[in-house]
Amino acid sequence: MESRMTLMESNMTSMESSMTSMENRMTSLETQMSIVGEQLDRMECSQREDVISMLHLVDKKITTRTDRHEHQINVLNDRLLVVEADVRKLLTKE
C-alpha cells in the first residue's frame, strides 16, 4: 500500500510539474499575444495616417489639374467670344 502511495505521490508531482510548465507556456503565449496586439494597433494607426496622407496628395493633384483645365477652358471661351463677336460684326456689315 505504501509503495502505491509513493507511486501516486510521484505521479502527482509529475502532474504538478507538467501543470506548472503549461502555466508558464500559457503566460508566455499571453505575453506574446499582447505584444502582437500592440504591434497591430500601431500598424493600424500608421496605415490610417498613410491613407489619409495619400488622399490629401491625390486631392491636391486633382485640384491642381482641375484648376489648370478650368483656366484653359476660360481662355478658350474668351477666344471663342472674340471670334463670335468678329463674325457678328462681319455679318452685320453686309
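Some values worked out for this structure:
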{"quantity": "Calculated [θ] (222 nm, deg cm²/dmol) that DSSP helices of n ≥ 4 give over the chain, each run adding -39,500 (n - 2.57)", "calculated": "-37500 deg cm²/dmol"}
{"quantity": "Fully extended contour minus Cα-Cα distance, from Ser18 to Ile73, at 0.36 nm per residue", "calculated": "11.8 nm"}
{"quantity": "Longest to shortest principal axis, alpha-carbon extents of the chain, angstrom", "calculated": "135, 17, 7"}
{"quantity": "Folded to 0 to 90 degrees: helix 2-93 orientation relative to the chain principal axis, Cα", "calculated": "0"}
{"quantity": "Charge dipole of the chain about the Cα centre (unit charges at C-beta), most positive-ward option of Thr92, His69, Ser21", "calculated": "Thr92"}
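Read-outs throughout are calculated quantities, based only on the coordinates presented, and are distinct from any laboratory measurement. Since we're looking at a predicted model, the values are computed, not measured. Neighbour counts are summed over all protein chains in view; Cβ atoms, including those assigned to glycine, are modelled from backbone coordinates with ideal geometry.
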